[in-house]
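The structure appears below as structure tokens.
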Amino acid sequence: MPAKDLDTIVSLAKRRGFVFPAAELYGGFANTYDYGPLGVELKRNIREAWWRSMVRERDDVVGLDAALITHPRVWVASGHVATFHDPLADCKKCKMRWRVDHIAEGQYGEPKRNAAGELLCPNDGGDLTEPRMFNLMFKTQVGTIADDENVAYLPPETAQGIFINFENVVASMRRKLPFGIAQSRVSFRNEITPGKFIFRTLEFEQMEMEYFCFPPADRDNPEEYLALHREWIDYRLAWYRDTLGIDASRLRIRYHEKEELSHYSAGTADIEYLFPWGWGELEGVAARTDFDLGAHGKESGKPITYFDEDTKQHIVPWVIEPAAGLTRTLAVCMLEAYTEEPDEKGEDRVVLKFKPNVAPIKVAVLPLSKNEALRPTARRVYEMIRPVYMTQYDETQSIGRRYRRQDEIGTPLCVTVDFQTVGENGVAGDDAVTVRDRDSQEQIRVPIANLLNVLRDRLPGC
Ligand code: GAP
């Protein structure tokens, strides 16, 4: 069973060095978090698993790392300057600021309304100001002169860097349609909705891919294009299930209603997860048509096209975009992995049952005690494993407490060096160690000479 409430994960995340609330020293900073030593490993592992599935294991997708701060007209062409807005209203009593659409959707419980049917503040029932449209992009200034000419935006998505490099990639990599360009990096949105941990933050990391294909013969009935859209939805859903180990019963596909579609989309399906507060988006798979390449062609005055060798014509490709949230997925991995169950002695233990490929630490080397006789062999074993797997060495406190600590951070395997390993009272050691499995708590004896082979078998995909 996954964690039933978010507070449990928020507290474990801080206590064990996954995610810290940002700038607590200064009273905190809303909707902003720092990733600690284990959080940064978990994030890297999720990104790596995504990159492997989207780029390394496919021969039709290449990678990109485009500039964050780029020409402001990129965001005019993309439609973000004109349409990337949320409706915001302030409570006249408590002064809290709310997204009116979120109140109406019931995200803060059953919406309260006055006699005229107008929405009221979810906090104290106060009247709300008229909603104002608020652009979500952060503005910044390039250069030293602060005027409108020098405004630039922090990117609210990674996608536009891909579209404006489409022709560069085609030319430099000799790519033929269909093919994709993948990118994973930070994005920024001026989100005002508080709470829900790293679900919605001001800066967050995305994993996006734009898959370029031939335009359909019939624009109004693009059957093959929509079939490709469905293929990508299935591919991405399988990744959450099989690669990250998220239980299928807590994943679903939700197709957007027409009025919900983004300004660029001819169809979008969200991959959603059942969070403790209900279903929420993990990834949007959008059928973006030729909107973006067309828009950048128009705005720049230089049409972006692909030369089709077969028909000898320049065409504007259509696009399918699977756009995932890396940091949001990290929250899901933690929620999903969280388990409370009895240990081998029947006492309560907390275990993060990460799949080994995402676990921040793969192996812990634990001498049975701090005894000097054990240390040289334990250090030798540690030095042997460390270059291959992310490994921790820990010799403080009882072995039982150290197992609990490793369970709580999701380390799949613990390797224990004991007196049987090194020998005692004149009896020679067997130069073997105990390998303990996090989930089954089963322990097996393994010769040190064969240890790396055993670890390799038990840590698939690491
Ligand atoms: N290029 C398309 C795009 O950006 P999106 O649905 O707005 O689409 C994709 O974002 C994913 O990015 C979302 O499914 C979500 O996982 C993540 N995401 C979006 N805004 C976020 C935020 N403020 N904080 C954390 N993750 C966010």
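Residues considered: 235, 273, 240. Of these, the only one that is among the hydroxyl-bearing types (Ser, Thr, Tyr), assigned to a strand (DSSP E or B) and under 30 Å from residue 355 (Cα atoms) is 273.
One line per residue, one yes/no per condition, for (1) open to solvent by less than 10 Å² (accessible area, probe 1.4 Å); (2) closer than 18 Å to residue 233 by Cβ; (3) within 14 Å of the ligand (Cβ to nearest atom); (4) out of contact with any Lys or Arg (no Cβ under 6 Å at 6 or more places or on another chain):
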residue: 286; (1), (2), (3), (4): yes, yes, yes, yes
residue: 301; (1), (2), (3), (4): no, no, no, yes
residue: 308; (1), (2), (3), (4): no, no, no, yes
residue: 324; (1), (2), (3), (4): yes, yes, yes, yes
residue: 334; (1), (2), (3), (4): yes, no, no, yes
residue: 339; (1), (2), (3), (4): no, no, no, no
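Considering only residues that are assigned to a strand (DSSP E or B) and either at pLDDT 95 or above or within 18 Å of residue 221 (Cβ to Cβ) (or both), which ones fall in the range 260-270? Passing the criteria: 269, 270.
Restricting 386, 349 to those that are free of Cβ contacts under 8 Å to residues at least 60 places away in the same chain and open to solvent by 30 Å² or more (accessible area, probe 1.4 Å) reduces the list to 386. The number of residues in the range 162-182 that are under 21 Å from residue 329 (Cβ atoms) and surrounded by fewer than 21 Cβ atoms within 10 Å (Cβ to Cβ) comes to 0. Considering the range 393-418, and only residues there that are closer than 21 Å to residue 376 by Cα and among the β-branched types (Val, Ile, Thr), the residue that is most open to solvent (accessible area, probe 1.4 Å) turns out to be 396.
Of all the helices (runs of 4 or more DSSP H) wholly in the range 1-94, which have at least 1 residues that are under 17 Å from the mean Cα position of the chain (by Cα) and in contact (Cβ under 8 Å) with a residue 24 or more places away in the chain? Filter on the range 1-94 gives 6-15, 37-51.
Return yes when residue 134 is within 16 Å of residue 186 (Cα to Cα) and within 34 Å of the chain's Cα centre (by Cα) and no when it is not. Before the answer, list the steps.
Numbers: within 16 Å of residue 186 (Cα to Cα): no; within 34 Å of the chain's Cα centre (by Cα): yes.
In short, no.
Results for (1) more than 23 Å from residue 55 (Cα to Cα); (2) more than 10 Å from the ligand (Cβ to nearest atom), shown as yes or no for each residue.
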| site | (1), (2) |
| --- | --- |
| 154 | yes, yes |
| 159 | no, no |
| 186 | no, yes |
| 222 | yes, yes |
| 226 | no, yes |
| 231 | no, yes |
| 236 | no, yes |
| 240 | no, yes |
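Every condition in (1) within 16 Å of the ligand (Cβ to nearest atom); (2) buried (at least 17 other Cβ atoms within 10 Å of the Cβ) is met by residue 374 except one, and the failing one is (1). For the range 161-184, the set of residues classified as of a type in the set (Phe, Trp, Tyr), within 24 Å of the chain's Cα centre (by Cα) and within 16 Å of the ligand (Cβ to nearest atom) consists of 163 only. A search for C-beta distances below 9 Å between a residue of the range 197-209 that is under 18 Å from residue 10 (Cα atoms) and within 7 Å of the ligand (Cβ to nearest atom) and any residue that is in a helix (DSSP H, G or I) and open to solvent by 20 Å² or more (accessible area, probe 1.4 Å), counting only pairs 6+ apart in sequence or on different chains, returns 198/328; 199/6; 199/328; 200/328; 201/328; 204/328.
Screening residue 360 with (1) outside any helix (DSSP H, G or I); (2) open to solvent by 20 Å² or more (accessible area, probe 1.4 Å); (3) touching a residue at least 24 places away in the same chain (Cβ under 8 Å) gives one miss only, at (2). Among the residues making up the range 407-461, a single one is over 33 Å from the mean Cα position of the chain (by Cα), part of a loop (DSSP other than H, G, I, E, B) and of a type in the set (S, T, N, Q): 425.
Checking each residue in the range 99-126 for being part of a strand (DSSP E or B) and farther than 25 Å from residue 324 by Cα picks out 109, 113, 119, 120.
Scanning the range 1-54 for residues that are charged (D, E, K, R) and within 15 Å of the ligand (Cβ to nearest atom), which turns out least open to solvent (accessible area, probe 1.4 Å)? Top of the filtered list is 43.
Is there a residue being assigned to a strand (DSSP E or B) and within 20 Å of residue 198 (Cβ to Cβ) anywhere in the range 302-320? Show your work before the answer.
Step one: list which residues in the range 302-320 are assigned to a strand (DSSP E or B), which gives 306-308, 313-315, 318-320.
From the residues that got through so far, the ones that are within 20 Å of residue 198 (Cβ to Cβ) too are none.
Looking through the range 302-320, none of the residues is assigned to a strand (DSSP E or B) and within 20 Å of residue 198 (Cβ to Cβ).
The values are calculated or read from the model by the stated rules, or taken from the named source; none is laboratory data. What you see is a predicted model; the values in this text were computed from it and never measured. Neighbour counts run over all protein chains shown; Cβ positions are idealised from the backbone, glycine included. Side chains included, ligands, DNA and RNA excluded: accessible areas come from the protein's heavy atoms. Shrake-Rupley method; radii C 1.70, N 1.55, O 1.52, S 1.80 Å.
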